[in-house]
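The values are calculated or read from the model by the stated rules, or taken from the named source; none is laboratory data. From a predicted model like this one, the values you see are computed outputs, not experimental measurements. As a convention, Cβ positions derive from the backbone with ideal geometry for all residues, glycine included, and neighbour counts pool all protein chains shown. Calculation scope for accessible area: heavy atoms of the full protein, side chains included, ligands and nucleic acids excluded. Shrake-Rupley method; radii C 1.70, N 1.55, O 1.52, S 1.80 Å.
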Protein chains: 2
Amino acid sequence: MKNSLSFIMPAWPLITVLILVFILSSVANARVSPKLGVFQGVTSLHSENNDAVGEQYLAEGDFKAYYYKQTLDHFNYRPDSYATFKQKYMINNKYWGGKYENAPIFVYLGDEAPLGNSYRYVGFMSENAERFRALLVYIEHRYYGESIPFRSREEAFSNASTLGYFSSAQAIADYAAILIHIKKTLRARYSPVIAVGGSYGGMLASWFRLKYPHVVLGALASSAPILYFDDITPNDGYFTVATRDFQEESQSCYETIKESWDEMDRIASLPDGLSILSQTFNTCSPLSDVDQLKDRLVGIYSAAAQYSSPLVTLLCQGIDGAPQGSDILTRIHEGIVTAYQGRFTCFPVTFDGAKSETYEGWSWQTCTEMVMPIGRGNETMFFPSPFNLTEFNQQCKKSYGVEPRSHWATTYYGGRDIKLVLERFGSNIIFSNGLKDPYSSGGVLEDLSKSLVAITTEKGTHCMDILNSNPTDPKWLVKQREEEVKIIKGWLNKYYKDL
Amino acid sequence: MKNSLSFIMPAWPLITVLILVFILSSVANARVSPKLGVFQGVTSLHSENNDAVGEQYLAEGDFKAYYYKQTLDHFNYRPDSYATFKQKYMINNKYWGGKYENAPIFVYLGDEAPLGNSYRYVGFMSENAERFRALLVYIEHRYYGESIPFRSREEAFSNASTLGYFSSAQAIADYAAILIHIKKTLRARYSPVIAVGGSYGGMLASWFRLKYPHVVLGALASSAPILYFDDITPNDGYFTVATRDFQEESQSCYETIKESWDEMDRIASLPDGLSILSQTFNTCSPLSDVDQLKDRLVGIYSAAAQYSSPLVTLLCQGIDGAPQGSDILTRIHEGIVTAYQGRFTCFPVTFDGAKSETYEGWSWQTCTEMVMPIGRGNETMFFPSPFNLTEFNQQCKKSYGVEPRSHWATTYYGGRDIKLVLERFGSNIIFSNGLKDPYSSGGVLEDLSKSLVAITTEKGTHCMDILNSNPTDPKWLVKQREEEVKIIKGWLNKYYKDL
C-alpha cells in the first residue's frame, strides 16, 4: 500500500507535502478563492512513506463500487429533469453489524473531486468501522469523476444548460436518494446514518443533517467554512489566519514576506526587471509578468498554512536563515529552496493545475452559488486584493453566461446569527476546525447547543481529523479524534434508546 | 363587509355551507384525492351573514399588495432558470411594533389557490396582529392567482416544460426569498417570523420551519396531512374518518349510506334505470351514468365531513327522518334536500369545478410530488375505490407527459418514523388538527417533542383554528386558539431572551 495522505501530518517527510503544495498553489491562484478540499491533487501522489495506522482496514477487495440511477433534477418536473445519470458510490460491508442489530452506516460525502481512491484516506471512516460495526459508504459528488450527467464530461461541461444541474442542493438530494436506496435494499430501516465530510464536503455534511434529519442522524463536518458567505465572515478572514500562522512561526519571516511584494513590483518595473526576478527565483521558465510570481507565492504560502504547519516552518527557516545581508527576494527564494529540499532544480512557476476536474468543477460552483467572498485588505502579510463582487459577477457571467447567485447559500442554508437560529433547533453536528487552517475563519468555532458542538485544535490544519491516522500523530490530534468518536457514540446511544 | 368564512363554523346558517360543499364535492371527485385547502371555492362566496369578531382588523386600506421579482428555479443554474416572474404578496403594517422593538412578522403561506382576498379570512393573523404588534404578510403560491411565471397562465400551464417549475420546494424557497427581502427592506433583521398555513399551506408551514429555521422561528400548521405520503398513513385513512363522522352522528344514517351504493348500481342496471335514478334524486339534468351520481354523493359526504359537522348532522337528519317506509335512495335524497334547506330546486349533479385554478394547479401538484395515496377498501361506508399507484402514474403520464415522483415527498420532507426523527431535532411547530376532519388521519396527532406539539380537537374540522373567529364559536375552539397563541408567545419570549 503506497498511497497515503500522511504527508499532511506534522512530522512527516516533507517532500510529498511540497509536491502537494505546488499543486495546490496553482489552484489557490484560481479566479475565485483558495482551494477548499480534503484531497485536492493529493490522492494521485504516491508517497514512499506509509505507516498509516489503519492499513489493515484498507484491503482493496473490501470496497465495492456501485452505480445508482440518479435523477438529474430533483426540484423541477420539466421532462428533461427526469433524465438520469449513473452516480458512483462505494460500499465496504466487512465490519457491518447488519440490519438485525440496526448497526450504523457511516457515509462519506464526496466533495469537489472525483471519488477515485479517496476512500482510502478517510481514516475516520475505515479506522472506526470495526469499533462501530458500521457499514461504510462513500458517495461521489455529481459532475465529478464517474458521476457525470449527459453522455460525456465534455458535453456536461459544455455550457450552462448542461452544467445547470450542478448544485449543492441537488448533490445533497442525491445523497439522500442513494442512502434511502441503500437502506431499503439492505432492509436496514433503523440503521442510523452518520455523515462524514471535509472542507466543502464538510459543509455538505452539516447541511445534509440540517435539511435531511430523517436520512442522517448526525454529521462530522470537518473544516467546513459554512459561514464564509455574504458578509458573515470578514472577507479577509482567510488571509488573516494565514498571516497569523506565519507571524506565529516567526515575526521576521512574516515581515520579510510582507515587504517582499513591493520589492517584486519595484524590481519588475526596472528595465529587464522580469529577467532579474526570473534569475533571482531560478524559475524554470522566464516570468511573463510579476503577477505570475506573486500569485504563485500567495498560493504556496496559503496552501502551506492550510495544509501543513511543517511547511510553514520550513519556509520561514529558509527565509530567516538566508546568509546575513541577503536582500528580501533572495530570502524569499531561500524559503522556497529550503521547502523544496533540493527536490526541484528550478522554480516551476508555470505549473498548471487548471485542467483538474476540481478546478473546473469548483470554478462553476463558485460562479453560481458557492460564492465565498475571500479577499485581502491592507492588514495581512500579502499584497491587497479585495474581493469585488461586481467584478466577480461580471467575470462569471463572461465565463458561463450566467451570474452567480451570491446570496443563495445564506438563503437556503442560513449562517447568519447561527447561534441564535440553531441553539434551539437541530442537533448532532460536530464542527471541527484546526485553527491554523485559514478556512477556520469561516467555520463554526463555538458550540451552538449541547449537540451542535465545535471542536477546535490550536495546531490543527485542514481536515486533519478525518484523514488516516499515523503513529507520529501528535497527542492533541489523537485526542481530538477520540472526542469525536465519543460524541458520535453518544448520538447513537440516544438513538438506540429512543428506538 | 360581506365576505366571510363563517359558514364553516358550527352554528352557522347552513345555506352557505351547502354552496361550499357543492363546490367542494366537485373537486372531491377529481382524479386524485379529496380536496385539500382552506378556502377552496370559498372566498368567492358572499355570505349575507357576518359577525366575524375581528371585523375591525380587516379595513380594506390596511392591506397593500406588492410584487416580488422571483427567481423561476432556485435549484438549477440553467439560463432559463434565471427567468423571473412577479410574485404577489400583501402586507398589513398597521399593528407592527417596528424594527426597533424587533416586533414579529406573521406570514400566511399561500396554498393551492389564488391569494385573492383570502387574507380576509385568516383570523389567526388579523385578530392577533394587535396583540403581538405583528406585521402581517400574505404570500401567494407560485402558479396561482397573479403569481404566474411566463407570459400568461395559458402558457404556464401549456405543458410540462413550463409547468416544471411548479413544486413545493420551489414554493418554499420563494417564501424564504420574499421574507428575507421584506426583512432587509424594513431593516428588521431580528424580527422573528411566525408562519401560518392551513391544509397544504399547513404542510408548507411545517416544512418551511424544518427547512429554513434561519428564516422562520416557528409555524402553526393547521390541518396539515404531512404523513399522507407513501405508506405512512393507511390509504383509507381519509374515508375511515369520514365514515366515523357519520357513524358517530347516527348509526342508521351510516348504514343507509353504506347500503345505498349497491342499490344505486342495482337500479342503474334496470331498463331505464338512469331515468329512475334521475327522477328519484330530482337531478337538474339527466344522469349520464351511475358513477356521476355516486361520485357526487361521495364528494358531498366527504366535504361535509371535512368542513362542516353541522352539515353531517343535517344530512343524517334528512336520511333518518324520511317518512317511514321510505326506500334507501329516497332517504338519501331526503338527506340532500334537508341539507339544501330548499335552496335549490333540483340536484345539480353536473356542477363543474374542474375549471378552477385550484383544480388545475393541484392536479399538476398531485401528479408530480404531492402524491397522497387516498383510497378506500371495504371497511368504510363508501363503495370501494382502492388507490392504485400504477394506474395513477399512467394517468398522470398521459395527462402531463411526466410521471409522478411518488417517493419524493418523503425523501425531501421525511415523515416516516417522525417522532424518532424529530424528537431530538427541530422545534417550534404546532400541528393542529380537528379529529372530525378526514385529513387528520394523515396529520401529526401526538407531540413529537416539547416544542413540536400536536393540538387536536375532538369536534374540529378542517383548518377551523386559523379562520376568522365568531361570537358563536364553541368554547373548545376558543380555547384551542388561546392555546396556540400561548405557545407562540412562548416561542417569542424564548427568542427575545436568547437575543
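Tally Lys/Arg at +1 and Asp/Glu at -1 over every other residue whose Cβ is under 14 Å from the Cβ of residue A:485; what's the total?
Details: positive: A:131, A:133, A:479, A:481, A:486, A:489; negative: A:127, A:130, A:465, A:482, A:483, A:484.
Charge balance in the 14 Å sphere: 0.
Give me the residues in the range B:456-499 whose solvent-accessible area, probe 1.4 Å, is reduced by at least 20 Å² once all protein chains are included instead of the chain isolated.
Residues of the range B:456-499 that lose at least 20 Å² of accessible area once the other chains are added: B:494, B:495, B:498.
In the protein assembly as shown, what percentage of the DSSP-assigned beta bridges are antiparallel, given to the nearest 5? Write down the numbers at each step before the final one.
Numbers: 26 of 78 bridges.
Roughly 35 percent of the DSSP beta bridges within the protein assembly as shown come out antiparallel.
So what are the three principal axis dimensions of the range B:347-455 from its Cα atoms, in whole Å, longest to shortest?
48, 36, 31
Find, among the trypsin sites (Lys or Arg not before Pro) in the range A:426-480, those assigned to loop by DSSP (not H, G, I, E, B) with at most 15 other beta-carbon atoms within 10 angstrom. Spell out each step's value before the answer.
Working: sites: A:436, A:450, A:459, A:475, A:479; in loops: A:436, A:450, A:459.
Those that pass, being in a loop and sparsely packed, are A:450, A:459.
Beta carbons within 10 angstrom, averaged per residue: use that to sort the peptides B:425-433, A:170-178, B:318-326, highest first. Could you put the intermediate results ahead of the total?
Working: B:425-433: 26.1, A:170-178: 24.3, B:318-326: 14.8.
In descending order of packing, they fall as B:425-433, A:170-178, B:318-326.
Using only the Cα atoms, work out Rg/Rh for the range B:234-405, with Rh taken as the Kirkwood radius, to two decimals. Numbers along the way, then the final one.
On the way: Rg = 17.0 Å, Rh = 17.3 Å.
Value, to two decimals: 0.99.
So, in Å, what gap is there between the alpha-carbon centers of the range B:279-324 and the range A:222-269?
77 Å
Amide H of residue B:376 versus every other amide H placed in the peptide plane: which residues, excluding those fewer than 5 positions away on the same chain, fall under 5 Å?
The answer is B:385, B:387.
More than 40 angstrom separation, counting every C-alpha pair in the protein assembly as shown; what % is that? If you can, show how the numbers build up before the last one.
Values: 233091 of 497503 pairs.
Cα-Cα pairs of the protein assembly as shown separated by over 40 Å account for 47 percent.
Just grab the label-to-label distance for residue B:458 and residue A:447, each label 7 Å out from Cα along the Cβ direction, in nm (one decimal).
4.5 nm
Search the structure for amide H atoms under 5 Å from the amide H of residue B:113, placed 1.01 Å from N in the peptide plane, and list their residues when 5 or more places away or on another chain.
Counting only residues 5 or more places away or on other chains, the set is B:141.
Compare each residue of the range A:51-81 in its chain alone against the assembly with all protein chains, and report those whose accessible area goes down by 20 Å² or more; 1.4 Å probe, heavy atoms.
The answer is A:73, A:74, A:75, A:76, A:77, A:78, A:79 - residues whose exposure falls by at least 20 Å² when every protein chain is included.
Taking all protein chains as present, what is the carbon and sulfur share of the accessible area of the protein assembly as shown, in % to the nearest whole number, probe 1.4 Å?
Values: 17660 of 35640 Å².
After summing per-atom areas, the C and S share lands at 50 percent.
At 7 Å along the Cα-to-beta-carbon direction for both residue A:151 and residue B:69, put a label point, then send me their distance in nm to one decimal.
Using points 7 Å along Cα→Cβ, the separation is 3.8 nm.
Using modelled backbone amide H atoms (1.01 Å from N, in-plane), which distant-in-sequence or interchain residues come within less than 5 Å of residue A:220's amide H?
Under 5 Å from the amide H of residue A:220: A:195, A:196, A:197, A:430.
Just in the range B:121-182: which GluC sites (Glu not before Pro) are loop by DSSP and have at most 15 other Cβ atoms within 10 Å?
Values: sites: B:127, B:130, B:140, B:146, B:154, B:155; in loops: B:140, B:146.
Taking the range B:121-182 and a limit of 15 other Cβ atoms within 10 Å, the loop GluC sites (Glu not before Pro) found are B:146.
Return the average number of partner chain Cβ atoms within 10 angstrom of each residue Cβ along peptide A:210-219.
Working: counts 7, 6, 7, 7, 14, 4, 0, 4, 1, 0.
Per residue, the number of nearby Cβ atoms from other chains is 5 on average.
Find, among the residues of chain A, the one whose Cβ sits nearest the axis of the rotation taking A to B; state the distance in whole Å.
A:75, 2
Be a star and scan the range B:277-311 for residues whose amide nitrogen sits under 16 Å from the point 7 Å along the Cα-to-Cβ vector of residue B:345.
B:282-286
Do the alpha carbons of any pairs in A:258/A:355; B:436/B:475; A:211/B:398; A:355/A:459 sit beyond 24 Å of each other, and which pairs? Present the calculation step by step, with values, prior to reporting the outcome.
Working: A:258/A:355 31 Å; B:436/B:475 16 Å; A:211/B:398 33 Å; A:355/A:459 32 Å.
Result: A:258/A:355; A:211/B:398; A:355/A:459 exceed 24 Å.
Using alpha-carbon pairs under 8 Å, 6+ residues apart, how would you state the relative contact order of the range A:234-405 in percent?
Values: 201 pairs, mean separation 48.1, N = 172.
It comes to 28 percent, rounded to a whole number.
Can you work out the accessible area per residue across the range A:234-405, with the rest of the protein chains kept in place, probe 1.4 Å, in square angstrom? Walk me through the numbers on the way to the answer.
Details: 7290 Å² over 172 residues.
Ligands and nucleic acids excluded, the result is 42 Å² per residue.
Cβ under 14 Å from residue A:309's Cβ, residue A:309 left aside: what net charge do those residues give with Lys, Arg +1 and Asp, Glu -1?
Values: positive: A:244, A:436, A:459; negative: A:245, A:248, A:249, A:437, A:458, A:473.
Local net charge: -3.
Under 8 Å for C-alpha pairs, at least 6 residues apart: give me the relative contact order for chain B, rounded to a whole percent. Numbers along the way, then the final one.
Values: 985 pairs, mean separation 102.2, N = 499.
In percent, rounded to a whole number, it is 20.
Unpartnered cysteines of chain A (Cβ-Cβ under 4.7 Å counts as a partner)?
A:463, each lacking another Cys Cβ under 4.7 Å.
For the charge dipole of the range B:234-405, defined by +1 on Lys and Arg C-beta atoms and -1 on Asp and Glu C-beta atoms about the Cα centroid, which residue among B:243, B:387, B:401 has the Cα displaced farthest towards the positive pole?
B:401
A plus B alone minus the pair: what accessible area, both sides summed, probe 1.4 Å, in Å² to 100?
Buried area (both sides, nearest 100 Å²): 5000 Å².
Work out which residues of the range B:420-437 lose at minimum 10 square angstrom of accessible surface when the other protein chains are put back, relative to the chain isolated, with a 1.4 angstrom probe, and list them by number.
By number: B:420, B:421, B:423, B:424, B:425, B:426, B:427.
For the pair residue B:130 and residue A:231, how long in nm is the line joining their label points, each one 7 Å along Cα→Cβ?
In this crude spin-label approximation the distance works out to 3.8 nm.
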